Amino acid sequence: MSRTPECCSVHTHSALCDGKGTLAEMAAAAFGAGVRFFGASGHSHTEIPHDAGNVLPADPAEYRAQVLALRAEYAGRMTVLLGIEQDSQSPQPVPDWADYWIGSVHNLYDPRTGNYHGIDWEREKLAACRDGQFGGDMLALTEGYYRDVAAMAERSPTILGHIDLVTKLNRGNALFDEDAPRYRAAALGALHHADPDRTLLEINTGAVSRGYRDAPYPALFLLREWRSMGGQVILTADAHSPETVIFGYRQAAELAKAAGYQESVLLTDRGWEPCPL
C-alpha cells in the first residue's frame, strides 16, 4: 500500500485535556480521513493554575485505558499509538508506558515571583510576561523561551513540539522582529541542542487551523538548518478537534520541500518510516 504523509497523525488532543472531541471521535475522524497511524498525545499534567482543565489529570489512568481500548478496536485497520505531549513544567517524568512523546514548552516560570506565564494564550498575557519578567525586552523573553526549548531538546523527545511557538501571537511582527539577529541566534542555538538521530522536528499546522498563523511552524530558516544537521521532519496537525486531524498537510509538505526535503517520516508501531512528500 502506498503511503502519504496523511497516513500519520500523532499530535492530537481530546476533551480529556484541551481538545473538543472525545478520543473515540478523534480516532474515528482520523480513520475516516485515511490515517493509518493515529497517536493520542494528551497534555501532561502540570500544577499551573491556568492549566487546570486543559491538561491530563495527575493520574492519567483513564486516558491510558481509553487509548488502549481504541487500539484494540482498530486492530488490523489503524494502528493506535499511546503518546503524551510532555510540558517543560510538568513535575512528573515522561511515563514509561508512552509509545512516544512530544517535548514542548508552553509556559515560562519566573523564579522571583513564583508565577507561570503561558506564552501561547493571548497577546496581552505575553506582553505582561515581557514586562514583568524580562524588563520590557521582548527579545529577552524569546531568549528565555529558547533556553527552555534547548533544555527540552536535550532530553531527546521523539518529536520536538512547535519549536517556535513563541511566534504564535506575533503575526505581522506585532511584538518582535522575527528577522532580528538576537531572535534567530536564540532559535538556532536551541535547535542545535536536539539530536537528529533521536528526535524528529514537527511541521505543525495547529496554529493555522485555529487562525493564529498563516504558515505552519517552524520558520523556514529553522527547517533549513535542521536539514543541514541531518534531521528529519514529521507532519502534524496538532489537532484539537476531529475535523482537523490532517489539517494543512499539503501546506506543510510544501514548506518541507522549500527547505529541501523530499520526504517526511511516519511514526509507526515499528518506528520511523520514510514517506515521500
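Key figures for this structure:
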{"quantity": "Search result, residues across the stretch 92-104 that are modelled with pLDDT of 95 or more, open to solvent by 20 Å² or more (accessible area, probe 1.4 Å) and not hydrophobic (A, V, I, L, M, F, W, C)", "calculated": "93, 95, 96, 99"}
{"quantity": "Pick from the stretch 236-252, criterion out of contact with any helix residue (DSSP H, G or I) (no Cβ under 6 Å at 6 or more places or on another chain) and open to solvent by less than 10 Å² (accessible area, probe 1.4 Å), ranking: farthest from residue 43 (Cα to Cα)", "calculated": "252"}
{"quantity": "For residue 157: the one exception among (1) at negative phi; (2) assigned to a loop (DSSP other than H, G, I, E, B); (3) open to solvent by 10 Å² or more (accessible area, probe 1.4 Å)", "calculated": "(3)"}
{"quantity": "Long-range neighbours under 6 Å by Cβ, at least six apart or interchain, first residue in contact (Cβ under 8 Å) with a residue 24 or more places away in the chain within the stretch 121-144, second surrounded by 14 or more Cβ atoms within 10 Å (Cβ to Cβ) and charged (D, E, K, R)", "calculated": "133/110; 138/130; 139/182; 141/130"}
{"quantity": "Odd one out for residue 65, checked against (1) open to solvent by 10 Å² or more (accessible area, probe 1.4 Å); (2) of a type in the set (A, V, I, L, M); (3) within 23 Å of residue 165 (Cβ to Cβ)", "calculated": "(3)"}
{"quantity": "Hey, residue 150 open to solvent by less than 30 Å² (accessible area, probe 1.4 Å), farther than 20 Å from residue 102 by Cα, part of a helix (DSSP H, G or I) and in contact with a helix residue (DSSP H, G or I) (Cβ under 9 Å, 6 or more places away or on another chain) or not", "calculated": "no"}
{"quantity": "Test: residue in the stretch 105-122 that is open to solvent by less than 10 Å² (accessible area, probe 1.4 Å), under 15 Å from residue 14 (Cβ atoms) and part of a strand (DSSP E or B)", "calculated": "no"}
{"quantity": "Residue selected from the stretch 179-205 under the condition among the small types (Gly, Ala, Ser) and part of a loop (DSSP other than H, G, I, E, B), by the criterion surrounded by the fewest Cβ atoms within 10 Å (Cβ to Cβ)", "calculated": "180"}
{"quantity": "Filter result for the condition that a residue is aliphatic (A, V, I, L, M), at pLDDT 95 or above, assigned to a strand (DSSP E or B) and in contact with a strand residue (DSSP E or B) (Cβ under 7 Å, 6 or more places away or on another chain), over 267, 255", "calculated": "267"}
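The values are calculated or read from the model by the stated rules, or taken from the named source; none is laboratory data. On a predicted model such as this, the values are computed, not experimentally measured, just so you know. Quick reminder, even Gly has a Cβ in these numbers, built from the backbone with ideal geometry, and neighbours come from all protein chains shown. Heavy atoms of the whole protein, side chains included, go into the accessibility calculation; ligands, DNA and RNA do not. Shrake-Rupley method; radii C 1.70, N 1.55, O 1.52, S 1.80 Å.
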